[in-house]
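See structure below.
The values are calculated or read from the model by the stated rules, or taken from the named source; none is laboratory data. Source: prediction; values computed, not measured. Here the Cβ positions follow ideal geometry from the backbone for every residue, glycine too, while neighbour counts run over all protein chains shown.
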Amino acid sequence: MGAFTIEGLIERLERLQACGPIPSDVKRGEVLGILCPRGQSRKTLVAILMTILFPVPAFAETSSLAILGDLGDVRRSMGIIFQDPSLDRALTGRENLEFHARLCCLDDRTRERRISEVIELFGLAGVADTVVGICPPTMVRRLEIARAFLSHPGLLLLADPTGGLDEPGARDIRRLLRQLNRERGVTIVFTTHAMADTEEICDRVAVVDGGEVVALDTPETFRAIMTVDDALALELDDVP
């Protein structure tokens, strides 16, 4: 499926006349990918999910994400990883974790234990005491996810989790997210324009166009849709 564009998938799905609001029935423990083109609409969607903007009516009060509930409780229940790096590049990885743990109001003993835990869990021992500004991009991304996991959130919300990484780095992050989901039971919701992200780690994928979901199903279903009647005919000239 990765060979197809989002626009091509949306065009194919629109012919099926499948559309609806942004999904609010995220299941506990699942990985949901929201596949949408780059642009302001994706930034707006992420801002709504992060409770920065007030939700549109499509988000139900019964949502398992509790978007319309107490905002303080909602924010404490999620770990957020932004699209652009937000670590202090002048500090070491450990110092960034320490700073964030204090913002989470973790006491001294818990803070020390959680920092040691995420350094081991996310394979950061080799860069924990290195200034972030000189760390490899994949390790920076791992560190950002580790920082979000310090508070043991039930939900991880990511914007473009593999953006800016080379393919080996992107595969590494995808494996890491799936590991968190399977071994720790963390619910993961992320926006992306990369089909490989949704195909490799998602339980379900929502395809968003024009502010609406034009399809919501499993990666296997989308793969089947894209391959039906997609035979490729080649016509070659005779070679002397």
Unmet criterion (only one of (1) at pLDDT 85 or above; (2) under 20 Å from residue 26 (Cα atoms); (3) out of contact with any strand residue (DSSP E or B) (no Cβ under 6 Å at 6 or more places or on another chain)) for residue 106:
(2)
What are the residue pairs meeting all of these: first residue in the range 151-171, first residue over 24 Å from residue 99 (Cα atoms) and part of a loop (DSSP other than H, G, I, E, B), second residue at pLDDT 90 or above and of a type outside the set (D, E, K, R), Cβ atoms under 7 Å, and 6 or more apart or on different chains?
162/170; 162/173; 164/137; 165/137; 165/138; 165/173
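I need a count of the residues in the range 82-101 that are of a type in the set (Gly, Ala, Ser) and surrounded by fewer than 17 Cβ atoms within 10 Å (Cβ to Cβ). Give the steps one after another, and end with the answer.
At the first step, the residues of the range 82-101 found to be of a type in the set (Gly, Ala, Ser) are 86, 90, 93, 101.
When the remaining residues are screened for being surrounded by fewer than 17 Cβ atoms within 10 Å (Cβ to Cβ), the result is 86, 90.
Matching residues across the range 82-101 total 2.
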Failed item in (1) touching a Leu at 6+ places or on another chain (Cβ under 8 Å); (2) among the hydroxyl-bearing types (Ser, Thr, Tyr); (3) free of Cβ contacts under 8 Å to residues at least 24 places away in the same chain, with residue 116 passing the rest
(1)
For the range 172-196, which positions are farther than 23 Å from residue 77 by Cβ and either of a type in the set (D, E, K, R) or not in a helix (DSSP H, G or I) (or both)?
172, 174, 175, 193, 194
Taking the range 128-148 and keeping residues surrounded by 14 or more Cβ atoms within 10 Å (Cβ to Cβ) and over 23 Å from the mean Cα position of the chain (by Cα) leaves 128, 130, 131
Exclusive hit being at pLDDT below 90 and not small (Gly, Ala, Ser), set 223, 174:
223
